[in-house]
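Worksheet: one structure, shown below.
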Amino acid sequence: MTQIVERTILFADLRGSTSLYETMGNAEATAVVTQSVALLARIVEAMGGQVVKTLGDGLMAMFDAPPPAVESADEMHESMERIGGPGSSLPQPLKVQVALACGEVVEMSGDVFGDAVNVAARLLDHAGDNETLLTAHVLAGLPPAQRDRFRSLDRMQLRGRVEPVHVYLLEAQRHAGDTAATAFGDMAPAQEPEGIRLIWSHLNRVYSGASLPVVLGRSPQVTYCIDDTRVSRSHARIDWHGGTFQLTDLSYNGTYVRFDHDPEVISLRRGTCTLHGSGYIGLGTPPVEADGPCVRFEVMKFADTQPHDLYT
């Protein structure tokens, strides 16, 4: 039977499973991934949703309304944290990224089709580890208490779609006492607002306050456009969160960071890194390559920013 209905679509994808196969072997890693996806499916069903299909390391589900879909996303993040918490036998915790969209869909032969399905699937490409992204339509269907937990990422250009989509972000809930971590250990939150300067070719900009987040990429619709074929349309995102600047990779080719006075290059594959001091961000290629698309960054105290370049 074919019917057209209004539904909220959820896509969820596990992150970190590839490294599990490398460290645990095929049999053990397959068991962990299978059990984890089954857990995500149970969460969907417990919240009144329906699993449409499993997709390797993730699943697609639908709900009658946005609130239980968002509650499912919350529980998915929490469940992965519990599995990979203290005492876990996993070499590293699995993370989950979630995307939500809603609208009219066509149910046919056990599958679901429609614009909401396409938007949610494409939106998943832009989600970082332990993040939930959703559209403005989903946000409008939430009660005020739930809406307050999201912040706008402005309009994003999704692959295969002409019109950009207004996207909102909900990061996984952190426990009290958590602090932002980097490859160099925990950092204390800044005592005052800061700006971040980005320099590439003729583009020399400082962003802070309402001008954040900044999306770096090749698309003309992004905040900081870098015209290079090695750069994805929406390649990386810089957020001000928890008193620090967070860089999140959104690309297919990876994002790389090298801090000044440190030879180590940090490779981000849909991961997140805290930016501090100054250094270089390589988009698609490591910043040590001379001809690669490389953005200079400088984290600045608010008093040190230059008025002619400051966007607030």
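GNM remark for the chain: springs join alpha carbons under 10 Å apart, and the peak mean-square fluctuation among 195, 282, 292 falls on 292. Largest accessible area first, the listed residues 76, 47 line up as 47, 76 when surface is computed with a 1.4 Å probe on the assembled protein chains.
Checking every one of the GluC sites (Glu not before Pro) in the range 41-135 against DSSP loop status and a limit of 16 other Cβ atoms within 10 Å picks out no site at all. For the range 1-66, the solvent-accessible area of protein heavy atoms averages 49 Å² per residue (probe radius 1.4 Å; ligands and nucleic acids excluded).
Residues in the range 105-113 carry Karplus couplings, in order, of 10, 10, 8, 8, 6, x, 10, 10, 10 Hz; the curve used is 6.51 cos²θ - 1.76 cosθ + 1.60 with θ = phi - 60°, and Gly or Pro positions show x. From helices alone, the chain scores -6500 deg cm²/dmol at 222 nm; the rule is -39500 (n - 2.57) for each run of n ≥ 4 DSSP H residues, then divide by the residue total. Full extension of the chain between residue 22 and residue 229 gives 71.5 nm of extra length, using 0.36 nm per residue less the Cα-Cα distance.
Each 10 Å bin from zero up to the one holding the largest Cα-Cα distance in the chain carries the following percent of pairs: 6, 26, 33, 25, 9, 1, 0.
For the chain, the residue among 201, 253, 59 whose Cα projects farthest onto the positive side of the dipole built from Cβ charges is 201.
Largest GNM mean-square fluctuation among 293, 93, 263, using the chain with Cα springs under 10 Å: 263.
With 5 Å bins beginning at zero, the pair-distance distribution over Cα atoms of the range 59-158 amounts to 2, 12, 21, 22, 19, 12, 8, 4, 1 %. Ligands, DNA and RNA left out, the accessible area of the chain computed with a 1.4 Å probe is 51% carbon and sulfur. Once the 1.4 Å probe is applied to the protein heavy atoms, the range 226-278 comes out at 39 Å² accessible per residue.
If the only charges are +1 at each Lys and Arg Cβ and -1 at each Asp and Glu Cβ, what is the size of the charge dipole of the chain around the Cα centre, to the nearest 20 debye?
380 debye
Compute a Gaussian network model of the chain, connecting alpha carbons closer than 10 Å, and tell me which residue from 246, 146, 50 fluctuates the most. Of the options given, 146 has the highest mean-square fluctuation. Each Cα pair under 8 Å and six or more residues apart adds its sequence gap; the mean of these over the residue count of the range 72-166 is a relative contact order of 22 percent. When 21, 224, 252 are compared by accessible area of protein heavy atoms, the largest-first order is 252, 21, 224, using a 1.4 Å probe. Per-residue surface analysis assigns residue 218 an accessible area of about 80 Å², computed on protein heavy atoms at 1.4 Å probe radius. Among the protein heavy atoms, those of residue 152 account for about 50 Å² of accessible surface (1.4 Å probe, every chain in place). Selection among 98, 123, 23 by position relative to the dipole of the range 6-129 gives 23 as farthest towards the positive end (Cβ unit charges, Cα centre). In this structure residue 294 has an accessible area near 30 Å², from a 1.4 Å probe over the protein heavy atoms.
The values are calculated or read from the model by the stated rules, or taken from the named source; none is laboratory data. Values in this document were obtained by computation on a predicted structure and should not be read as measured data. Positions of Cβ are backbone-derived with ideal geometry, glycine not excepted, and every protein chain shown enters the neighbour counts. Just so you know, the surface numbers come from the protein's heavy atoms only, side chains and all, with ligands and any DNA or RNA stripped out. Shrake-Rupley method; radii C 1.70, N 1.55, O 1.52, S 1.80 Å.
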